[in-house]
Amino acid sequence: MSRILEEIRQRARESGIDPGGLDDIDVIRTGSGVLSELPGYLKDKGIQNILMITDKDTYECAGQRVEVMLKPVFAGVHLTMLKEDTKGDVLADEPSLLQVILDIQKHAPQIVLAVGSGTVHDITRYAAYTAGLSFVAVPTASSVDGFTSKGAPIIIRGEKITVQSIGPSAVFADTDILTKAPAALAAAGFGDMLGKYTSLFDWKFGSIAAGEPYMELAADLTRSALQNCVDHVGQIASRSEEGIHILTEALIQSGLAMLLCGQSHPASGAEHHVSHYWEMEYIRMGKKQLLHGAKVGAACVEISRLYQRLAAEGPDPWSYEASAGSGETGKAASVYVHWNDIASELARLPDSGTLSDLLRKVGGPASPKELGISHDLLERSMKDAHRIRMNRYTMLRANNERNREQTWSLHSASGK
Ligand SMILES: [Zn+2]
């Protein structure tokens, strides 16, 4: 019934890895018409009272259909339609979370149903977790890889934080619905996948330079999902049933890789930190939000450009003397010592032009400029975005800390 899930569980056991991170998921169904299996799944679980979460758009494209399907079968089918903010955005912020939590208290459902794209899932995931309920994912667009992850990126007082909560108990990703989603959303999903080039590099970098935990299987699963998208970029661009199916399964597989290793390392590196930086800036400025995957794709292009430059500069800038300064010297020295390993990982990264071309093929913005990110914001984010996740040692962070220490050393040497 759930081919992807079974395959990954099997591979985990063969590699001696406990697949316990996937235990909460009963079913993952992808393909044409799979939504019709939803009532049977809920009945088998003994569910009678359901709260469905949508926004205005996702209610129209799928929510209404789900409601009509469930109402004759279940005693209680309630609906929370998430409200938009003044910019027309539905955000995973305090008002949205409270809206769902209040409806959970009012209707006392046994399960919550997320019918929508990434944000609807993040709100539902966190609200269900808070109430001690499980949730079912019904994605309406192949736009992000977060459907099957535990991390809920939420916005509290304008700051984006990611809270570990719960994964879905089931996923029904119906390509009849997903192929009808706007082209920009599929392009964004492709951008979120393309970002795995740099996230996978950063994960390996963190393990080499800072001893961060690494899981080969989770990296392999993420890499093969990424490769499958790149190999089928034409079908994804045309949003054929096959193309959207491939993209959807890749996004789900990437999410499962995160669940398997218990954190978002395989799928989120410097490109995600830069994208979060832009998002917070847009919130501060009261600007309408950009799609997550569109930001990740464009940020990946910039991170790749930086990393290619660092590869060309070689190990010398990381040498002991050059990096002599304060606290992070040890890590910079570690980059120097392990340069050969790091360089061979850097060699696997496509150059920024290739990444831009891939994004252009699916019709997405192919650079921060095309996305509307100002030069000033881009510069600031490339210098400071690593501060968003200080528990990760990305090459962006290493480079920024090294640059700061070298400036500091120069200043102290010259008595400034
Ligand atoms: Zn992402």
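The values are calculated or read from the model by the stated rules, or taken from the named source; none is laboratory data. Everything numeric in this text was worked out from a predicted model, so none of it was measured. All Cβ positions, even for glycine, are placed from backbone atoms using ideal geometry, and neighbour counts span all protein chains on display.
Taking Ala298 as the residue in question, decide whether it is surrounded by 24 or more Cβ atoms within 10 Å (Cβ to Cβ) and of a type in the set (A, V, I, L, M). For Ala298, the condition - surrounded by 24 or more Cβ atoms within 10 Å (Cβ to Cβ) and of a type in the set (A, V, I, L, M) - is met.
If you go through the range 1-30 one residue at a time, how many are of a type outside the set (Asp, Glu) and crowded, with 16+ Cβ neighbours inside 10 Å?
Selection size over the range 1-30: 15.
Within the span defined as the range 246-260, every residue fails to be more than 16 Å from the ligand (Cβ to nearest atom) and of a type in the set (Ser, Thr, Tyr).
The condition of being in contact with a Gly (Cβ under 7 Å, 6 or more places away or on another chain), of a type outside the set (A, V, I, L, M, F, W, C), crowded, with 19+ Cβ neighbours inside 10 Å and in the same structural domain as Leu194 (by TED's automatic domain parsing) holds for only one of Glu401, Glu405, that being Glu405. Within the range 108-156, being of a type in the set (Ser, Thr, Tyr), away from the ligand (no atom under 16 Å from the Cβ), over 15 Å from Ala62 (Cβ atoms) and in contact with a helix residue (DSSP H, G or I) (Cβ under 7 Å, 6 or more places away or on another chain) holds for Tyr126, Thr130, Ser134. Selection of first residues in the range 263-276 that are touching a residue at least 60 places away in the same chain (Cβ under 8 Å) and of second residues that are within 10 Å of the ligand (Cβ to nearest atom) and of a type in the set (Ser, Thr, Tyr), restricted to Cβ pairs under 6 Å at least 6 apart or on distinct chains, gives the following pairs, ordered by first then second residue: Ala267/Ser199; Ala267/Ser254; Ser268/Ser199; Gly269/Ser199. Reported count of residues in the range 104-127, each being assigned to a helix (DSSP H, G or I) and crowded, with 19+ Cβ neighbours inside 10 Å, is 11. Among residues of the range 301-318 being crowded, with 24+ Cβ neighbours inside 10 Å and at pLDDT 95 or above, the one that is farthest from the chain's Cα centre (by Cα) is Tyr307.
Confirm whether Ala219 is in the same structural domain as Ser374 (by TED's automatic domain parsing), within 26 Å of Ser356 (Cα to Cα), buried (at least 17 other Cβ atoms within 10 Å of the Cβ) and within 13 Å of the ligand (Cβ to nearest atom). No, not satisfied. Looking at Arg389, Arg380, Arg402, just one residue is at pLDDT below 95, closer than 22 Å to Leu291 by Cβ and among the charged types (D, E, K, R), and that residue is Arg389.
Scanning the range 60-83 for residues that are surrounded by fewer than 14 Cβ atoms within 10 Å (Cβ to Cβ) and either at pLDDT below 95 or of a type outside the set (Lys, Arg) (or both) turns up Glu60, Val68, Pro72, Ala75. Report yes if some residue within the range 46-58 is crowded, with 20+ Cβ neighbours inside 10 Å and of a type in the set (Gly, Ala, Ser); otherwise report no. Among the residues of the range 46-58, not one is crowded, with 20+ Cβ neighbours inside 10 Å and of a type in the set (Gly, Ala, Ser), which makes the answer no. Looking at Asp176, is it part of a helix (DSSP H, G or I) and crowded, with 23+ Cβ neighbours inside 10 Å? So Asp176 does not fit the description; no.
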